[in-house]
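> Below you will find the structure I want to go over with you.
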Amino acid sequence: MASSEAPTSSEYIQHHLQNLVFGYHPENGLGIAHGGDEAAAMGFWSINLDSMFFSIVLGAFFIWLFKKAADNFNAGVPGLLQSSVEVIVEFVDTNVRDTFHANNPLIAPLALTIFVWIFLMNLMDLVPVDLVPRLGEAIGIPYMKIVPSTDVNVTLGLSLSVFALMIYYSFKVKGASGFIKELTLMPFSSGNPVLQAILIPVNLLLEGVSLISKPISLALRLFGNMYAGELIFILIALLPFWAQWALSVPWAIFHILVITLQAFIFMMLTIVYMAMSHESH
């Protein structure tokens, strides 16, 4: 993209889907990757700087916005910000009360954080695809992806955090023996001790696969939907100017539903998984 020649469609798409990766290259040493091949050569310990930057900035914005609403709370006639925050908090609280029936003060704030943070990350997909990358190129930054939820590392990090809380509360609430019994004595059980012992490996396989699939599906669902939406915006940007306006506006309006729905699904599944870790079968 930095060359004087106009990029081909393939180069344009690859450029817009490439993260700003920092890591150690076996040949070039420590630095920024220029292209997907260099990023892949850096291996696991490289970091996507753009995903981290925008995730942290949006998280800080979320905290600042809600703190501002709390500091300026008006019991009389609320302003637009306070009303919006109250609607969001009440919406999340209702879903938590309907789904989570144990007593844990962490779940509602966790659900609120997940919903708003993921929504803000998804919302970045509505920024014109060329705006931030072109600004980055102007100051010497070769790549700049601004939608953190289109980075599988971000979505997997979120899902693994939820998974870690699931395991923690499963042990805390049910104890090690209770958690192990769930993995080995269900879904198939028998009153015959010998038959039950034979069924333990089958139960462990089924429950183990089900347990491990939870964070993977949680991460890939969000990543896949947002990545596909971003790719469609990029493909629309390759069309003539008149076609871009004809297609991008309807897709952006529809995509507002997608980004909200994906945040809601991630939040609801988190609440369900937390409920499962607090309740016995």
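Values quoted throughout were computed directly from the atomic coordinates according to the rules given, and no laboratory measurement underlies them. None of these values were measured; they are calculated from a predicted model. FYI the Cβ positions are ideal-geometry reconstructions off the backbone, even for glycines, and counts take in every protein chain you see.
> Taking neighbour counts of Cβ atoms within 10 Å as a proxy for exposure, in what order, fewest first, do 266, 44 appear?
Least to most surrounded, the residues fall as 44, 266.
> Got a sec? How would 113, 155 order by Cβ neighbour count within 10 Å, fewest to most? Before the final figure, lay out each step's value.
Working: 113 17, 155 28.
Least crowded to most crowded, the residues run 113, 155.
> Which lysines have a Cα less than 29 Å from the Cα of residue 174, not counting those fewer than 8 places away in the same chain?
The reachable lysines, counting only those whose Cα sits under 29 Å from residue 174, are 214.
> Using θ = phi - 60° and the Karplus curve 6.51 cos²θ - 1.76 cosθ + 1.60, what whole-Hz ³J(HN,Hα) does each residue of the range 33-50 get, with Gly and Pro shown as x?
7, 10, x, x, 5, 5, 4, 5, 5, 6, x, 5, 7, 6, 9, 7, 5, 5
> What aspartates and glutamates does residue 145 reach when the alpha-carbon gap must be under 13 Å and sequence neighbours fewer than 8 apart in one chain are set aside?
50, 125, 130, 137, 230
> Same structure, new question: Highest mean first, how do 174-183, 211-220 rank when packing is the count of other Cβ atoms within 10 Å averaged over residues?
For the peptides 174-183, 211-220, the packing ranking is 211-220, 174-183.
> Let me ask another. Going toward the positive end of the dipole of the range 69-136, with +1 on Lys and Arg Cβ and -1 on Asp and Glu Cβ, which of 120, 89, 103 do you reach last?
120
> So if R0 is 41 Å, what FRET efficiency would residue 24 and residue 172 give, r being the distance between their Cβ atoms, rounded to the nearest 0.05? If you can, show how the numbers build up before the last one.
On the way: r = 39 Å, r/R0 = 0.95.
Efficiency at R0 = 41 Å is approximately 0.60.
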